[in-house]
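Undergrad: Quick one: structure below, then a few questions.
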Amino acid sequence: MTMAQKQCLLRYLGYYAGDIDGIWGEQSQRATIDFQRAYMDTVDGIFGPETEKRILEVIATGEQPKESVNIDTAPDWWKDIHYFTRAEFRCPCGKCGGFPAEPDKRLVRLADKVRAHFDAPATVSSGVRCQAHNDELPGSTKNSYHITGKAMDFCVRGVPGAKLLAYVKTLPVHYTYQINGSDFVHMDVT
């Protein structure tokens, strides 16, 4: 199976939103991880023979994911997002179904704009959080914007956190800050 065919299968199931170009990059690997989390016991990000076999079974049988990922209920505006997938914003707790709230359209569009500006892959370290997961994180506030899908923490490959923060501050965001001097930045909208 070619890389482009793998991307097509991941896109068919709603995990991959990038170009079908046969280039196996960060988005393809993230989509593989998200598929594996939903349908497999082993999550390694490698689209090898086991993942290939499993994705073909899922497509052939229409099997639903182990957790409720609401693939088919993604709002239409996601098709206009060039660099991110809905799955990248999923709550990682594994208990809430991933989307106790929908990622905010304005937030995701701003993230897409940041990614395009720097022309480099971006990584979402935290998107939507359920209240239980949020409460387990040290330093998070009870009324975090992550709970309502209006916040994200992310970095852009090769871009220092201070430079990323400086650019994000030029955008119409509610609040932004660099996370503990790292390359990750928090961004939220109201």
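The values are calculated or read from the model by the stated rules, or taken from the named source; none is laboratory data. For clarity, every value in this text was computed on a predicted model and none was experimentally measured. Counting neighbours? That spans all protein chains shown, and the Cβs are built from the backbone with ideal geometry, glycine included.
Undergrad: Looking at the stretch 122-159, which of its residues are in a loop (DSSP other than H, G, I, E, B) and surrounded by 15 or more Cβ atoms within 10 Å (Cβ to Cβ)? Lay out the reasoning, then the answer.
TA: Keep residues of the stretch 122-159 that are in a loop (DSSP other than H, G, I, E, B), which gives 127-130, 137-144, 149-150, 157-159.
Within the stretch 122-159, Gly127, Val128, Arg129, Cys130, Ser140, Ser144, Gly149, Lys150, Val159 qualify.
Undergrad: Okay, next question. Filter the stretch 17-57 down to residues that are part of a loop (DSSP other than H, G, I, E, B) and touching an Asp or Glu at 6+ places or on another chain (Cβ under 8 Å) and give me whichever is surrounded by the most Cβ atoms within 10 Å (Cβ to Cβ).
TA: Met40
Undergrad: Follow-up. Scan the stretch 1-16 for residues that are within 20 Å of Trp78 (Cα to Cα) and either of a type in the set (Lys, Arg) or in a loop (DSSP other than H, G, I, E, B) (or both) and jot them down.
TA: Answer for the stretch 1-16, where residues must be within 20 Å of Trp78 (Cα to Cα) and either of a type in the set (Lys, Arg) or in a loop (DSSP other than H, G, I, E, B) (or both): Arg11, Leu13, Gly14, Tyr15, Tyr16.
Undergrad: Could you give every pair whose Cβ atoms fall below 7 Å, whose first residue belongs to the stretch 36-60 and is under 16 Å from Gln7 (Cβ atoms), and whose second residue is at pLDDT 90 or above and loosely packed, with under 14 Cβ neighbours inside 10 Å, counting only separations of at least 6 or pairs across chains?
TA: Glu52/Met1
Undergrad: While we're on this one: Looking at (1) over 23 Å from Gln29 (Cα atoms); (2) assigned to a helix (DSSP H, G or I); (3) of a type outside the set (Asp, Glu), which is the one condition that is false for Leu110?
TA: (1)
Undergrad: Further question: Only one of Ala162, Ala101 is small (Gly, Ala, Ser), closer than 23 Å to Ala31 by Cα and outside any strand (DSSP E or B). Can you tell me which? Break it down stepwise before answering.
TA: Details: Ala162 fails: closer than 23 Å to Ala31 by Cα.
When all the criteria are applied, what remains is Ala101.
Undergrad: Right, here's the next one. Could you list all residues from the stretch 71-98 that are crowded, with 24+ Cβ neighbours inside 10 Å, among the charged types (D, E, K, R) and assigned to a helix (DSSP H, G or I)?
TA: Residues satisfying the conditions are Arg86, Glu88.
Undergrad: Given the conditions (1) at pLDDT 95 or above; (2) among the hydrophobic types (A, V, I, L, M, F, W, C); (3) loosely packed, with under 15 Cβ neighbours inside 10 Å; (4) farther than 23 Å from Gly18 by Cα, report the number of the one that Leu165 does not fulfil.
TA: The number of the failed condition is (3).
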